[in-house]
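See structure below.
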Amino acid sequence: MMYQISGHTRFGGLLGSPVSHSISPAMHNMAFRELGIDWVYLAFDVTPDRLRETLKVFRELNAFGFNVTMPDKQSVMEYLDGLSTAAQMIGAVNTVVNQDGRLIGHNTDGFGFSESVREKGFKLAGAEMTILGAGGAGRAAAVQAALCGVKKLHIANRRTRSWAAAEKLAEQICRMTDCEADLTDLDDGPALARQIEASTLLVNATPVGMASQSGRSPLPDTSPLREGLTVMDLIYEPARTRLLEDAGRAGCRTFNGMYMLLWQGAEAFRLWTGQEMPVEKIREQYFSR
Ligand code: NAP
């Protein structure tokens, strides 16, 4: 049956820059059609300097909500009326819900992370884990891992502008959860190797290995890669990064961030609509390559 936009159709979408490559409009519009919801989801190219006026329009025109991607995930926080606990701890928002005119910020990247790990048969509860990078996605995965019962979490970051925030993140995780978190310099090869050797899950949350940097690995040394270690790269384009290639050769179980993307979208959909996204249909249509 053909879908007709009507006088009742509500809108929402994705704010960020660039956004034209995003799979989110296809994913959410298919889910709305499957469930007979008269909403549309569009991509809006919005840089941080235009967020205030964009949000004013979204509020006035009764948008159901929106997703936020780079570079707006942090800047958007100052224009919102409330934040979920996860968004506060992570310090970034990727989903906003319009609750009767109040814009409430959430972060579903963490849920996307834990669901995709669970699907691959890895149990976070009681595990020891190393994560490379403490930007928006790394922080979301780190907080969620701690909330899911990871016992020891090693965060590795460069000693750059984000170092102080990474220190605060490790301190906050120790204070607010039962997880023991520490921070290491990503360039301290021997310390990083010891932590990876003690871990059963290694996660790359740096952009090193993305299409623009393909052929590069975020690890200074591949020696800690071994059988028994599971390696996840949050990057999904390319599907097999240099890190995943190296890890596969060393006998590690490996997977990329594609299903994290699917599950963060499913959680955003649930927050907006109160209904479950038809995940298997979406997976078959857009994520089965
Ligand atoms: P971000 O906020 O910019 O954070 C990037 C992190 O990586 C920071 O800690 C940054 O440290 C570090 N980093 C950047 N360049 C580096 C380099 N050359 N060497 C070592 N560390 C470096 O980015 P993000 O949003 O967290 O995204 C990180 C990755 O996750 C990207 O590849 C993104 O595509 C992917 N991602 C995937 C999903 C998914 O659903 N699968 C969702 C979100 C993001 P500095 O502060 O020192 O630069």
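Identify all residues within segment 111-140 that are more than 9 Å from the ligand (Cβ to nearest atom) and not in a loop (DSSP other than H, G, I, E, B); write none if there are none. Listed by number, the residues that qualify are F111, S114, E115, V117, R118, E119, E128, M129, T130, I131. L192 meets all of the listed conditions (1) touching a residue at least 40 places away in the same chain (Cβ under 8 Å); (2) part of a helix (DSSP H, G or I); (3) under 26 Å from W263 (Cβ atoms); (4) within 14 Å of the ligand (Cβ to nearest atom) but one, namely (3). Could you look through segment 49-93, keep only residues that are of a type in the set (D, E) and touching a Leu at 6+ places or on another chain (Cβ under 8 Å), and pick out the one that is farthest from G12 (Cα to Cα)? That would be D81.
Answer with yes or no whether F64 is aromatic (F, W, Y) and closer than 19 Å to L234 by Cα.
no
Criterion first (away from the ligand (no atom under 14 Å from the Cβ), over 16 Å from S199 (Cα atoms) and surrounded by fewer than 17 Cβ atoms within 10 Å (Cβ to Cβ)) does E171 satisfy it? Yes: the conditions hold for E171. Do we have any residue at all in segment 141-161 that's near the ligand (Cβ under 8 Å from one of its atoms), in a loop (DSSP other than H, G, I, E, B), out of contact with any helix residue (DSSP H, G or I) (no Cβ under 6 Å at 6 or more places or on another chain) and within 15 Å of Q88 (Cα to Cα)? No; the residues of segment 141-161 include none that is near the ligand (Cβ under 8 Å from one of its atoms), in a loop (DSSP other than H, G, I, E, B), out of contact with any helix residue (DSSP H, G or I) (no Cβ under 6 Å at 6 or more places or on another chain) and within 15 Å of Q88 (Cα to Cα).
Annotation: L169 fulfils all but one of (1) in a loop (DSSP other than H, G, I, E, B); (2) in contact with a strand residue (DSSP E or B) (Cβ under 8 Å, 6 or more places away or on another chain); the unmet one is (1).
Flag not set for D109, criterion: among the charged types (D, E, K, R), surrounded by 18 or more Cβ atoms within 10 Å (Cβ to Cβ) and modelled with pLDDT under 95.
Residues in segment 94-111 that are under 16 Å from the mean Cα position of the chain (by Cα), touching a residue at least 60 places away in the same chain (Cβ under 8 Å) and within 18 Å of L15 (Cβ to Cβ): N94, T95, H106, T108, D109.
Residues in segment 37-45: is at least one farther than 27 Å from R283 by Cα and in contact with a Ser or Thr (Cβ under 9 Å, 6 or more places away or on another chain)?
Looking through segment 37-45, none of the residues is farther than 27 Å from R283 by Cα and in contact with a Ser or Thr (Cβ under 9 Å, 6 or more places away or on another chain).
Every residue, every condition in (1) outside any helix (DSSP H, G or I); (2) basic (K, R); (3) without any contact (Cβ under 8 Å) to a residue 12 or more places away in the chain, yes or no:
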| position | (1), (2), (3) |
| --- | --- |
| S22 | yes, no, no |
| A26 | no, no, no |
| N29 | no, no, no |
| N67 | yes, no, no |
| K73 | yes, yes, no |
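The values are calculated or read from the model by the stated rules, or taken from the named source; none is laboratory data. Nothing here was measured: the structure is a model prediction, and the numbers come from that model. Positions of Cβ are generated from backbone atoms using ideal geometry, with glycine treated the same way; all protein chains shown enter the neighbour counts.
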